[in-house]
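The values are calculated or read from the model by the stated rules, or taken from the named source; none is laboratory data. All values derive from a computational prediction rather than experimental measurement. Backbone-built Cβ (ideal geometry, glycine too); neighbour counts: all protein chains shown.
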Amino acid sequence: MSLRLRFVTVIFLAVMLLVWAQGPGMAQGLKPRVIVFVHGLHGDRTSWRASNGAYWPQMVQTDPHFAHSDVVVAEYPTPSLHGQYSTSQLAEILWQSLNQQQVWEHREVVIIAHSLGGILSEEMLLNHPADAARVVFVVAYATPHQGSFVANLAKVYDKDPLLSDLRDGNDNTFLMDLEQRWRSTPEVARIHRFCAYESLDTQSGEGIGKVLHAHTRVVSYYSATYGCDADTPPQKINADHIDIIKPASRNAEAYKFFARLYASHPIIDTVESVRDKEVTGLGVECNKRMANPDLQVAVALDGALNEQVLSAEAEYFNTEKIRNAAPPTVVKIDGNGIAHVSYSFEGEGRGWLLGCPTGRASIVVHFKIQSRVPVRE
């Protein structure tokens, strides 16, 4: 990174911290999940405000359906003319900004991205796989995964390096490489990607539509939906490229689409508990020895909760007329919840009054279970 870029980045982050100190999402105690809003090209933190004044991040923050999530509104510099940063540079500025806002200190992260914001988010997560491990899903609204012909035309008037990265065509090696890296990187390939697309043309005089002096579909259906989860149909939003992220109420389709995805991917709490399984009726004859190097004791695991055995311990109980008992030991635990226990003990010797009694013992295995329990909001 050049000295000039480092200087600009430091100044930008300092300003961001001052701005964010008065904004939503920075509660004293962090909630389990954070919802991050990432604006698009030539946007800022006001991009999410509808004409009636409704502000999407604020609506989420006050919605009880998102009670366990903080809200962070990201911002990065993309001036309407003569931008100086490449996609890779902006992705790093975005990461640094989110780091300062404690995003990566949350257990789970969800991203709502508009247009270029979706591309930056993917590049950012690829460059920071440890933080990507916290991301549950990304919802991309009108993100040009295969580029936009509007960027091709805009390059005629503006040499912003972002426009080269966003152009459509088979020679856009940046976007092709981005998708290839995403699919081949395990840390991010597991992240769900959901898509929404614009169904109206953007009119002249609005945002990037000024370039054409006419109406146009900024991001095509195919570009907006490429690479997203196949088992969740892309959502049609009855809006243009600018208004697709300006829901006027919680009943707007853009808002409801995200709310449905959020509800179907609840916050997960990791819970530990102890579950006992008993083996009774272990008998031994007088002066004989009972031993088993591989007593298999199974505990039922709930696959829906992704339960797994963390550890297991065994001990005797209800012992009667035994001696020289070696403490039962858990030798290993199978992934399917079976503990392999080794034990041995002897029956008491012959007594002059009781004859030669039969000895008995039982074994209990204490399984320490970890469960992933959905949190209902």
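Of the conditions (1) at pLDDT 95 or above; (2) over 20 Å from residue 240 (Cα atoms); (3) among the aromatic types (Phe, Trp, Tyr), residue 37 fails just one. Which one is it?
(2)
Given the criteria farther than 30 Å from residue 332 by Cβ, in contact with a Phe, Trp or Tyr (Cβ under 9 Å, 6 or more places away or on another chain) and not hydrophobic (A, V, I, L, M, F, W, C), does residue 246 qualify? Show your work before the answer.
Numbers: farther than 30 Å from residue 332 by Cβ: yes; in contact with a Phe, Trp or Tyr (Cβ under 9 Å, 6 or more places away or on another chain): yes; not hydrophobic (A, V, I, L, M, F, W, C): yes.
Yes.
Mind checking whether some residue in the stretch 131-144 is modelled with pLDDT under 95, crowded, with 22+ Cβ neighbours inside 10 Å and farther than 15 Å from residue 39 by Cβ?
No, every residue in the stretch 131-144 fails to be modelled with pLDDT under 95, crowded, with 22+ Cβ neighbours inside 10 Å and farther than 15 Å from residue 39 by Cβ.
Quick check: is even one residue across the stretch 76-89 touching a Pro at 6+ places or on another chain (Cβ under 9 Å), modelled with pLDDT of 95 or more, surrounded by 18 or more Cβ atoms within 10 Å (Cβ to Cβ) and under 27 Å from residue 129 (Cβ atoms)? So that I can check it myself, show each step before the final result.
So the first thing to find is which residues in the stretch 76-89 are touching a Pro at 6+ places or on another chain (Cβ under 9 Å), and the list is 83-87, 89.
Next cut, modelled with pLDDT of 95 or more only: none.
The answer is no, given that none of the residues of the stretch 76-89 is touching a Pro at 6+ places or on another chain (Cβ under 9 Å), modelled with pLDDT of 95 or more, surrounded by 18 or more Cβ atoms within 10 Å (Cβ to Cβ) and under 27 Å from residue 129 (Cβ atoms).
If I go through the stretch 263-297 residue by residue, how many of them are buried (at least 19 other Cβ atoms within 10 Å of the Cβ) and among the polar types (S, T, N, Q)?
Summing the residues that are buried (at least 19 other Cβ atoms within 10 Å of the Cβ) and among the polar types (S, T, N, Q) in the stretch 263-297 gives 0.
So, in the stretch 248-257, exactly how many residues are under 24 Å from the mean Cα position of the chain (by Cα) and in contact (Cβ under 8 Å) with a residue 60 or more places away in the chain? So that I can check it myself, show each step before the final result.
At the first step, the residues of the stretch 248-257 found to be under 24 Å from the mean Cα position of the chain (by Cα) are 250, 253-257.
Subsequent filtering for residues that are in contact (Cβ under 8 Å) with a residue 60 or more places away in the chain retains 250, 254-255, 257.
So the count comes out to 4.
Output the residues belonging to the stretch 326-367 that are over 44 Å from the mean Cα position of the chain (by Cα), part of a loop (DSSP other than H, G, I, E, B) and either crowded, with 17+ Cβ neighbours inside 10 Å or touching a residue at least 12 places away in the same chain (Cβ under 8 Å) (or both).
Correct list: 348, 349, 350, 356, 357, 358.
Name the one entry in 279, 284, 330, 299 that is among the β-branched types (Val, Ile, Thr) and under 30 Å from residue 190 (Cβ atoms). Write out each step before concluding.
Numbers: 279 fails: under 30 Å from residue 190 (Cβ atoms); 284 fails: under 30 Å from residue 190 (Cβ atoms); 330 fails: under 30 Å from residue 190 (Cβ atoms).
Answer to the check: 299.
Taking residue 260 as meeting all but one of (1) in contact (Cβ under 8 Å) with a residue 12 or more places away in the chain; (2) surrounded by fewer than 15 Cβ atoms within 10 Å (Cβ to Cβ); (3) in the same structural domain as residue 201 (by TED's automatic domain parsing), write down the number of the exception.
In the conditions (1) in contact (Cβ under 8 Å) with a residue 12 or more places away in the chain; (2) surrounded by fewer than 15 Cβ atoms within 10 Å (Cβ to Cβ); (3) in the same structural domain as residue 201 (by TED's automatic domain parsing), residue 260 misses (1) alone.
Would you check if residue 310 is in contact with an Asp or Glu (Cβ under 6 Å, 6 or more places away or on another chain), within 30 Å of residue 68 (Cβ to Cβ) and either modelled with pLDDT under 95 or not small (Gly, Ala, Ser) (or both)?
Numbers: in contact with an Asp or Glu (Cβ under 6 Å, 6 or more places away or on another chain): no; within 30 Å of residue 68 (Cβ to Cβ): yes; either modelled with pLDDT under 95 or not small (Gly, Ala, Ser) (or both): yes.
Against the criterion (in contact with an Asp or Glu (Cβ under 6 Å, 6 or more places away or on another chain), within 30 Å of residue 68 (Cβ to Cβ) and either modelled with pLDDT under 95 or not small (Gly, Ala, Ser) (or both)), residue 310 does not qualify.
Which residue pairs have Cβ atoms under 9 Å apart, sit 6 or more places apart or on different chains, and have a first residue in the stretch 160-186 that is assigned by TED's automatic domain parsing to the domain that holds residue 128 and crowded, with 18+ Cβ neighbours inside 10 Å and a second that is acidic (Asp, Glu) and at pLDDT 80 or above?
Short answer, once both residue conditions are applied: 178/122; 178/123; 182/122.
Answer yes or no as to whether residue 237 is surrounded by 18 or more Cβ atoms within 10 Å (Cβ to Cβ) and at pLDDT 95 or above.
Working: surrounded by 18 or more Cβ atoms within 10 Å (Cβ to Cβ): yes; at pLDDT 95 or above: yes.
So residue 237 fits the description; yes.
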